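What follows is a short report on a single structure.
Every read-out reported here was derived from the displayed coordinates using simple, explicitly stated rules and does not represent laboratory data. Fair warning: this is a prediction, and the values are worked out from it, not measured in the lab. For neighbour counting, all protein chains shown are included, and Cβ atoms are generated from backbone atoms with ideal geometry for every residue, glycine included.
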Amino acid sequence: MKVNRLIFAALWVLLGVPVQAQNTDKAEMDAYINELMGRMTLQEKIGQLNLITPGGGIPTGSAVSTGVESKLKDGLVGGIFGVSSPEKVRQTQELAVEESRLGIPVLVGSDVIHGYKTTFPIPLGLASSWDMELIEKTARVAAKEATADGIFWNFSPMVDIARDPRWGRIAEGAGEDPFLGSEIAKAMVRGYQGDDLTSPNTMMATVKHFALYGASEAGRDYNTTDMSRIRMFNEYLPPYKAAIDAGVGSVMSSFNDVDGIPASGNKWLLTDLLRDQWGFDGFVVSDYTSVNEMIAHGMGDLQAVSALSLKAGLDMDMVGEGFLTTLEKSLKEGKITEDEIELACRRVLEAKYKLGLFEDPYRYADDSRPKKDILTKANRQVAREAAARSFVLLKNEMNTLPLSQSGSIALVGPLANNKNNMLGTWAPTGNPQLSIPILEGMENVGGRKVKVRYAKGANISDDVEFAKKVNVFGTRIAIDERSPEEMLNEALDLAAQSEVVVAVIGEATEMSGESANRTDISLPESQKKLVRALAKTGKPLVLVMMSGRPMAIGEEYELATSLLQVWHPGVEAGNAIADVLFGAYNPSGKLTATFPHNVGQIPVHYRMKNTGRPQDGDTFMKFKSNYLDAPNSPLFAFGYGLSYTDFDYGKPVFSQTKLKGNESLKVSVDITNTGNFDGEEVVQLYTRDLVASVTRPVKELKGFQKINLKKGETKTVTFELTADDLAFYNFNLEFGWEPGDFEIMVGPSSDNVQSAVVSWEK
Ligand code: BGC
């Protein structure tokens, strides 16, 4: 390591390149990069715009890069992903630093979406904790582990608002709400980047996928998005903006089109909005071959789409090499300018400078770190706590949960003793074999007096063709050699011999995530049969539901005694589930994405508008906005989630009901823990703008506080609102608040609030 640094320093002296000053003073950075760029050839500048992968991660596009080594030596690479370990990263960096003409280090990136090797719950699960400190901590741990393994540029956070649970990537984000999504975006950027990007423990974050990727039509991945600007600005763009305000280093453009132009070539998006309006000064990277994919979008040939992207403000081309192979030609033909190439090159070099790479390109290649920093006991403990905090208790009749630590439990279900499906989607750096199955967790936590016996009961799905599509990265759906009847009978026998049945059911890891969309979001038939049969036994039936999306589980909800939504919990799955089932941790999660009754209700979310013919409640009324065959309300609303204890909300107290512009409103509510367990509650504040120049949602989250209450304890929670909190984008896309009446609501869930109307004048 030291030798390398010496060689490196000597080499740079020989090359006449100044060693980077330690801080990121703008003038010094400019001078440094000016000098460097002064010596770069056109091809070397274009090379900085090239992001390659030898294919070590998940090659989600059709291509992986070729000639990696020679491209590195020729200075034709700006960044690389799919390479890890200090040794490999050092070797890669050496090719760039010691063998290329100018010795410019490369960015080393990866998708560290919910933990590096210590896999945390999927992001939708983490969001359900409503715990910003915890989310930041998971990102911090992820950064520490990833940098220990040589990676210092992360393709996370994914902040796409998603209101369509058919879309598999809903698993990767924070859910449906722009306010909560923005808070989480900030927490993740802080967690990854810390306050010093040059620290060997922090990594540069990338906010993605800019923009509107979560609104793909019909929930089909990569599909068209089309929405009004007013919806964009009020509902979909805030989390990206929040990440940018938090100082995120890079932005990834999305696959979809925005207003008819694919994001990667959309100048309005990447320059007018991102840079001119929002002041973003980092660099923009495309998604995997998203530049090339503009050919299929119908935007021209590779040369045309590459030129379009560069001119739009895209700085780095992921894997497709359209930039590398066509920009020089486009320049000669006058289709782009040298300034445009220089600007993109400068932005990439600035990122390297800010990471301290010019000072020491090997700062993330420290062989002693993986052992010290990765998968430590402490990190696994964070994963265990994070998982427990991400679970949402959806039903708990007769206080079946927590389970007693004596007696007999029938643990059944295809996900009850399974390592392959615990980590969840987009965990390419995690090792499923290190995860704790539920059976093991129950044995670890349950103690000697409880007898836990297991039977699989059913396959995740009996559909061989479906299983093939899900099993592309290894066996996620293992179809048993035994017949479904045999498995079911075994489970029923076990249930008959046990006092309580715990069934761990739901989706395999790869049933959600990228390119894993479903038009039917209910439980596969094989598992439905299992649940029905178990319910018939009359034993208390605890359903532990694993999934990467909100599912249509109305029937299971009816049949279960208790229902615990656990998402895909990560490496400590079994221990965390057992902690919650046995009451070592009292669940405190709340949903951040609405659970519909059926796919026909989609989109259904709490922040809907009223229509001119709103129906009051779910009783059908002719000529009101409704359905003949389903209620308007969802199965579970945004913000919903139970606890083993009960929280009693007092009447909210408003500091005043008539306010002037610069005054602030205080809303206080007393919450009392009236049940038998200590517990945590997420207190939520919503507003509704009753009259405005444009139609406004019936509810908008404007605040939340997660509090801890001991048995019998009362706490007063106070929210403070200013008129700025009521601001929105109007028809002309001007941001501001409009005086008038506002309903202010407080409660434990978006569908359970107490409210008062206040008037707020200028
Ligand atoms: C995904 C991105 C990811 C990239 C690189 C793409 O298919 O959309 O989220 O960062 O691959 O792995």
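Would you order Tyr640, Tyr192 from fewest to most other beta-carbon atoms within 10 Å of each residue's own beta-carbon? It would help to have the intermediate numbers written out before the result.
Details: Tyr640 22, Tyr192 28.
By the 10 Å Cβ count, ascending: Tyr640, Tyr192.
As a quick test, which of the pairs Lys609/Lys658; Lys651/Lys710; Lys666/Lys710; Lys395/Lys624 have an alpha carbon distance above 23 angstrom in this structure?
Lys609/Lys658; Lys666/Lys710; Lys395/Lys624
Please list, in order, the residues from the stretch 602-632 whose amide nitrogen is less than 18 Å from a point placed 7 Å along the Cα→Cβ vector of Ser522.
Label zone hits: 602, 628-632.
Out of all DSSP beta bridges in the chain, what portion is antiparallel? Express it as a percent rounded to 5. Could the numbers behind the result be given before it?
Values: 48 of 89 bridges.
Given both bridge residues lie in the chain, the antiparallel proportion sits at roughly 55 percent.
Normalised by the empirical 2.2 N^0.38 Å for globular proteins, what value does the Cα Rg of the stretch 391-441 take? Walk me through the numbers before you get to the answer.
On the way: Rg = 14.1 Å, N = 51, 2.2 N^0.38 = 9.8 Å.
Relative to the rule-of-thumb radius for its length, the stretch 391-441 sits at 1.44.
May I ask which residue of Ala467, Thr645, Gly589 lies farthest towards the positive end of the charge dipole of the chain, with charges of +1 (Lys, Arg) and -1 (Asp, Glu) on Cβ and the Cα centre as origin?
Thr645
If you stretched the chain out fully between Glu397 and Arg532, how much longer would it get, using 0.36 nm times the residue separation minus the C-alpha to C-alpha distance?
Contour length minus the Cα-Cα distance gives 46.8 nm.
Say R0 is 25 Å: what FRET efficiency, to the nearest 0.05, do Arg39 and Thr66 get from their beta-carbon distance? Show your work: numbers first, answer last.
On the way: r = 28 Å, r/R0 = 1.12.
FRET efficiency, Arg39 to Thr66: 0.35.
Based on alpha-carbon centroids, what's the gap between the stretch 636-665 and the stretch 595-620 in Å, whole number please?
Centre-to-centre distance over Cα atoms comes out at 23 Å.
Using only Cα atoms, what Kirkwood radius does the stretch 321-475 have, in angstroms?
21.7 Å is the Kirkwood radius here.
What nm distance separates the two modelled labels at Arg613 and Lys711, each placed 7 Å from Cα along Cα→Cβ?
5.4 nm
Counting other C-beta atoms within 10 Å, and keeping those with at most 12, which DSSP coil GluC sites (Glu not before Pro) do you find in the stretch 447-511? Provide the component values of the computation, followed by the final result.
On the way: sites: Glu465, Glu481, Glu485, Glu486, Glu490, Glu499, Glu507, Glu510; in loops: Glu481, Glu499, Glu507.
Here the GluC sites (Glu not before Pro) that fit, given the DSSP loop and packing criteria, are Glu481.
What FRET efficiency would be calculated for the residue pair Thr325, Leu434, taking the C-beta separation as r and a Förster radius of 35 Å, to the nearest 0.05?
Efficiency, from the Cβ-Cβ distance: 0.30.
Specify the inter-centroid distance of the stretch 105-148 and the stretch 717-752, based on alpha-carbon positions, in whole Å.
31 Å
Just check the stretch 608-762 against the gyration tensor rule for me: Cα atoms, a ≥ b ≥ c as the square roots of the eigenvalues, rounded for a/c under 1.5, and otherwise prolate or oblate depending on whether a/b exceeds b/c.
Since a/c reaches 1.5 but b/c is at least a/b, the shape of the stretch 608-762 is classed as oblate.
Would you give the gap between the C-alpha center of the stretch 288-329 and the C-alpha center of the stretch 174-196, rounded to a whole Å?
30 Å
When only Cα pairs under 8 Å and 6 or more residues apart are kept, what is the percent relative contact order across the chain?
Relative CO of the chain lands at 13 percent.
Quick check on the stretch 504-605: take the gyration tensor over C-alpha atoms, sort the square-rooted eigenvalues as a ≥ b ≥ c, and tell me if it's rounded (a/c under 1.5), prolate or oblate.
Because a/c hits 1.5 or more and a/b fails to exceed b/c, the stretch 504-605 counts as oblate.
Dipole of the chain, Cα-centred, from +1 at each Lys and Arg C-beta and -1 at each Asp and Glu C-beta, to the nearest 20 debye?
Charge dipole, the chain, about its Cα centre: 1100 debye, nearest 20.
Within the P(r) computed for the chain, what percentage of the Cα pairs occupies the region above 35 Å?
Numbers: 137358 of 289941 pairs.
Pairs farther apart than 35 Å: 47 percent.
Shape call for the stretch 612-692 from the C-alpha gyration tensor, a ≥ b ≥ c root eigenvalues: rounded (a/c under 1.5), prolate (a/b greater than b/c) or oblate?
oblate
Per 10 Å bin from zero, what fraction in whole % of the C-alpha pairs of the stretch 131-231 is there, up to the bin with the longest pair?
With a bin width of 10 Å, the distribution comes to 16, 41, 28, 13, 1.
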